[in-house]
Structure formats: C-alpha cells, structure tokens
Amino acid sequence: MKGLYNNDSAYGLVTRANHWLSAILVIGLIGLGIYMTGLPDSPDKFELYDVHKALGIGVLGLIILRLIWLKLSPNPPILPAKRWEEVLAHSVRGLLYLSLLIMPFSGWAMSSAGGHEVSFFGLFTLPALVPESEAIGDVAKTVHAFVGNILFPALILLHIAGALKHHFIYKDNTLKRMLGRD
Ligand code: HEM
C-alpha cells in the first residue's frame, strides 16, 4: 500500500487522484465546451454553460491544490529517454500546468466581463474577476477558444503519446507509476 506522498520513484495517492480527476474533467470540459457553444440559444444551453463553468472552477481548485502539493511533495523525476524527448516532456508538462490555469481564469474573466455569474453548483458564487467590458470579454473568449480548441488538445495528445511510448517502447514505469501499479 503506497502512501499519500510522492517519493523519488513513485507517485503518492494525492497526486494520482488529482491527476486522473483533472484528466477526466479537462477532457470532458473540452468536449462539453465545443458541444454547448454549437447549440442554438435555449435555457438548456445555458444550463450546460453553468455546469461547464462549475466543473471548470473545480479544475481551478484542483490545479491550485496540485501546485501546493508539488511544493510539499515534489514529483519523482521524469524517467530517462532521448534528450529531446526529455526536453519535450518537461515543456509539455509546464504548458499543461499553464493551460490548467489559463482556461479557468479566461473562462471566469469571460463570464465576469459579460456580466454573468460564476456559481459552483449553487453552493457559492465567485466574485467578478474583471469589470464588465466587451473588450476584455473578447480577449478572454479568444484565449479560451484558442487554448481550449487547439493548444490544450495538442498538449494532451503529446502527453498521452509520451506516456504510451514509455510504456510500450521503453517498457518503463512511467504509466504504471501514475496508475499506482509500479
Ligand atoms: C480546464 C477548464 C476548462 C476547459 C478545458 C474549457 C474548455 C472550453 C472549450 C473547449 C470551449 C469551447 C470554446 C469555443 O469553441 O468557442 C469552452 C467554452 C466556454 N467556456 Fe470553458 N473551459 C474551462 C473552464 C471554464 C470556466 C472556469 C469557465 C467560467 C467560469 C468557462 C466558461 C466558458 C464559456 C462561457 C464558454 C462559451 C464561450 C462562448 O459562448 O463562445 N470555461 N470552454
């Protein structure tokens, strides 16, 4: 039975739970985001927006906890691969963390700029992040759409490809240790 903390070679339960929960939420949010924006305006569409916003705030909570946990219990190092693959793995990981912050903040800014509330499933409402403004709303929307439709999916595909290459070609513990099966 592994502990809660990471060590030099393994991920603890806290990091693994955070990783897989974030993965499910982000992939679901990208799908939901693309689906809901394509719907004609209706009360159902805007209910989906509320669900999207609440789940997106959940992702923000998870990435904040992840960054705090990273300080308390650092990740084990990336396992050896070709030099360019290690550089790519580090860059993709950094950009994934960045996207995990950019998406919720741009979504929150877009909602506040449009004068819409951001409620976490009716439990609490976030304060407005920015004043109401069409210009701020347009920038936030462009960022949200670019990262959500292009950058984030590309990073996720590279990240998955790297994990599969380690698993099937290098036959090391990269994937197994994130599954807790190392
Ligand atoms: C990791 C978190 C998130 C991901 C991956 C994500 C992803 C997406 C994607 C892919 C779209 C479709 C963009 C388009 O094609 O125009 C979208 C739309 C949208 N998202 Fe997010 N989102 C996240 C968090 C949030 C948060 C926290 C909020 C608000 C608090 C939010 C508010 C919105 C809104 C209002 C739209 C519709 C924009 C429009 O009507 O054009 N999102 N999201």
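The numbers here are math on the coordinates, done by the rules we state, and not lab data. None of the values given here were measured: they were computed from a predicted structure. Cβ sites come from the backbone with ideal geometry, for glycine too, and all protein chains shown count toward neighbours.
Points to keep in mind about this one:
- Here residue 53 meets the list (1) buried (at least 17 other Cβ atoms within 10 Å of the Cβ); (2) of a type in the set (D, E, K, R); (3) within 29 Å of residue 164 (Cα to Cα) almost entirely, failing just condition (3).
- Every test in (1) surrounded by 16 or more Cβ atoms within 10 Å (Cβ to Cβ); (2) near the ligand (Cβ under 9 Å from one of its atoms); (3) of a type in the set (Gly, Ala, Ser) is passed by residue 113 save one, and that test is (2).
- Any hit, the stretch 95-109, residues being more than 12 Å from the ligand (Cβ to nearest atom) and either buried (at least 16 other Cβ atoms within 10 Å of the Cβ) or charged (D, E, K, R) (or both): yes
- Those helices (runs of 4 or more DSSP H) lying entirely in the stretch 117-181 with at least 2 residues within 21 Å of residue 57 (Cβ to Cβ): 134-146, 152-168
- Filter result for residue 65 (surrounded by 13 or more Cβ atoms within 10 Å (Cβ to Cβ) and not β-branched (Val, Ile, Thr)): yes
- A count restricted to the stretch 28-49 and to residues that are near the ligand (Cβ under 8 Å from one of its atoms) and touching a residue at least 12 places away in the same chain (Cβ under 8 Å) stands at 7.
- Checking the stated criteria, residue 94 turns out not to satisfy the condition of being over 25 Å from residue 124 (Cα atoms), part of a loop (DSSP other than H, G, I, E, B) and free of Cβ contacts under 8 Å to residues at least 24 places away in the same chain.
- For the stretch 63-89, a residue qualifies if it is part of a helix (DSSP H, G or I) and within 16 Å of residue 175 (Cα to Cα), and the qualifying residues are 85, 86, 89.
- Scope the stretch 5-27; condition within 13 Å of the ligand (Cβ to nearest atom) and not small (Gly, Ala, Ser); matching residues: 21, 24, 25, 26, 27
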